[in-house]
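Read the structure below first, then the notes.
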Amino acid sequence: APTDWQTDSPVAILKNVLRLTAPNPGFMTGPGTNSYLVGEPATGFTVIDPGPADADHLQRLWQAAAHTDGSGGNIAMVVCTHSHPDHSPGAAPLQALCTNKPPILGLASKPTARANSRFTPERELVDGEKLVLQGIGVEAKSPTPCAWSTRLATRPTTCAWCWKKTVCCSRATM
């Protein structure tokens, strides 16, 4: 349906999971890089793959992570599944929009990464680590089932393999 890949507003894809597609369509990104918000106003949100450093996209992510009063920026952490330029460059600018400065988590790029794919998280996640927002868990798995050694698979802990693959590759259909 036309509303599946939205760049203007987030789409609810599961309970407590929103997807906002960055406006960067292309061969490798399909309709655009998918950014995910996992959580709810009462718990705060984990942003998974904030995407490129596109100011409008990051502002929409910030606003979608609403507090119970409707104001934005209720972000508890930012997780980057890998260092490609369509997934991680938005992490630091998104963090800068937040008054609480949420931690940026993920896997650092390898020394052989191209210049536009270099990424260093504030803290590296370890295999099997669980990130929890008051009962809403996200599990980090490394390496992922795909061919990239610097990717994390992140998924709500109660979801099946298809969710892990979707967030890992961030462009597969659900």
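Key figures for this structure:
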{"item": "Residue check, residue 82 in contact (Cβ under 8 Å) with a residue 24 or more places away in the chain and closer than 16 Å to residue 104 by Cβ", "result": "yes"}
{"item": "Odd one out for residue 84, checked against (1) open to solvent by 90 Å² or more (accessible area, probe 1.4 Å); (2) farther than 21 Å from residue 43 by Cα; (3) touching a helix residue (DSSP H, G or I) at 6+ places or on another chain (Cβ under 8 Å)", "result": "(1)"}
{"item": "Residue count, segment 27-57 (criterion: free of Cβ contacts under 8 Å to residues at least 40 places away in the same chain and on the phi > 0 side of the Ramachandran plot)", "result": "2"}
{"item": "Hits in segment 20-59 - residues which are of a type in the set (Gly, Ala, Ser), farther than 17 Å from residue 79 by Cα and out of contact with any helix residue (DSSP H, G or I) (no Cβ under 8 Å at 6 or more places or on another chain)", "result": "26, 30, 32, 42"}
{"item": "Among residues of segment 53-81, those that are open to solvent by 10 Å² or more (accessible area, probe 1.4 Å), in contact with a strand residue (DSSP E or B) (Cβ under 7 Å, 6 or more places away or on another chain) and part of a loop (DSSP other than H, G, I, E, B), counted", "result": "1"}
{"item": "Test for residue 92: is it surrounded by 21 or more Cβ atoms within 10 Å (Cβ to Cβ) and of a type in the set (Gly, Ala, Ser)", "result": "no"}
{"item": "Filtered residues of segment 31-52 (kept if among the small types (Gly, Ala, Ser) and either modelled with pLDDT of 95 or more or buried (at least 17 other Cβ atoms within 10 Å of the Cβ) (or both))", "result": "32, 35, 39, 44, 51"}
{"item": "Scan of segment 7-47 for residues that are among the polar types (S, T, N, Q) and under 21 Å from residue 100 (Cβ atoms), ordered by number", "result": "16, 35, 43, 46"}
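The values are calculated or read from the model by the stated rules, or taken from the named source; none is laboratory data. Just so it is clear, the structure is predicted and the values come from calculations on it, not from any experiment. Cβ sites come from the backbone with ideal geometry, for glycine too, and all protein chains shown count toward neighbours. For the accessible areas, the whole protein counts, side chains as well, though only heavy atoms, and no ligand, DNA or RNA atoms are used. Shrake-Rupley method; radii C 1.70, N 1.55, O 1.52, S 1.80 Å.
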